[in-house]
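The structure under discussion appears below in the form of structure tokens.
The values are calculated or read from the model by the stated rules, or taken from the named source; none is laboratory data. A quick note: this is a predicted structure, and the numbers were derived from the prediction, not measured. Methodologically, a virtual Cβ is constructed for each residue, glycine included, from the backbone with ideal geometry; neighbour enumeration extends over all protein chains shown.
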Amino acid sequence: MKINKKLIQELVDHLKEFNLSELEYQDGQTKIKVSRALKGVEQQKTSAVVSPNKTVLKNSEDSDGIRVKSPIIGTAYLAPEPGAKKFVEIGDKIKKGQTVMIVEAMKTMNHVPSTSDGEVKKILVEDGQPVEFGQTLVLLK
């Protein structure tokens with residue numbers, strides 16, 4: 001199987017251009033899927049994995065720490081309302097179940113609770129940023 005590097009690069013360019021997290025292309029038996037995790041406005045490193053009928057591009061993230069992930073697709077908000085104090089800041093010690101942010105979906109505000117006790121190491125999204133299901137929002141120590 002010959003890998004069409006030009007096509008893969010073109011798909012990766014479309015991810016960046018349209019700010020997509022995933023794109024899939026199929027032509028007969030050839031199937032190419034490219035994806036990346038969105039991390040604020042900063043793009044993460046991309047690596048390629050090749051299998052017989054598909055090529056998948058994945059991103060690497062910080063591997064150490066406890067991840068608090070988005071339970072739904074929506075828009076992340078770091079505070080309960082514009083101008084209010086943020087739910088958490090880097091360095092805050094938090095308890096399991098404590099709200100770390102809100103994800104709005106279909107005009108419904110969904111509180112995102114911490115999955116464990118810890119200290120906020122990184123906040124990986126910005127206020128008002130679109131997020132996807134399973135996307136890491138906060139990294140805890």
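Candidates are the residues of region 73-102 that are free of Cβ contacts under 8 Å to residues at least 12 places away in the same chain and either under 16 Å from Glu132 (Cβ atoms) or among the small types (Gly, Ala, Ser) (or both); the one that is surrounded by the fewest Cβ atoms within 10 Å (Cβ to Cβ) is Gly83. Close Cβ contacts (under 9 Å, 6 or more residues apart or on different chains) running from residues in region 105-117 that are closer than 15 Å to Gln129 by Cα to residues that are assigned to a strand (DSSP E or B) and among the aromatic types (Phe, Trp, Tyr) comprise Met109/Tyr77.
Scoring Asn59 on the criteria (1) at pLDDT 50 or above; (2) closer than 20 Å to Phe133 by Cβ leaves a single failure, condition (1).
Selection of region 95-141 for residues being part of a strand (DSSP E or B) and of a type in the set (Val, Ile, Thr) yields Thr99, Val100, Ile102, Val103, Thr108, Val112, Val120, Ile123, Val131, Thr136, Val138.
Only one of the listed residues (Leu15, Leu20) is assigned to a loop (DSSP other than H, G, I, E, B), within 18 Å of Pro130 (Cβ to Cβ) and modelled with pLDDT under 85. That residue is Leu20. Restricting attention to region 103-141, the residues being within 11 Å of the chain's Cα centre (by Cα) and either at pLDDT 90 or above or surrounded by 14 or more Cβ atoms within 10 Å (Cβ to Cβ) (or both) number 10.
If only residues of region 1-12 that are touching a residue at least 40 places away in the same chain (Cβ under 8 Å) and assigned to a loop (DSSP other than H, G, I, E, B) are counted, the one that is nearest to Pro130 (Cα to Cα) is Ile3.
Every residue in region 11-32 that is surrounded by 15 or more Cβ atoms within 10 Å (Cβ to Cβ) and under 22 Å from the mean Cα position of the chain (by Cα), please. Listed by number, the residues that qualify are Leu11, Val12, Leu15, Ser21, Leu23, Tyr25, Ile32.
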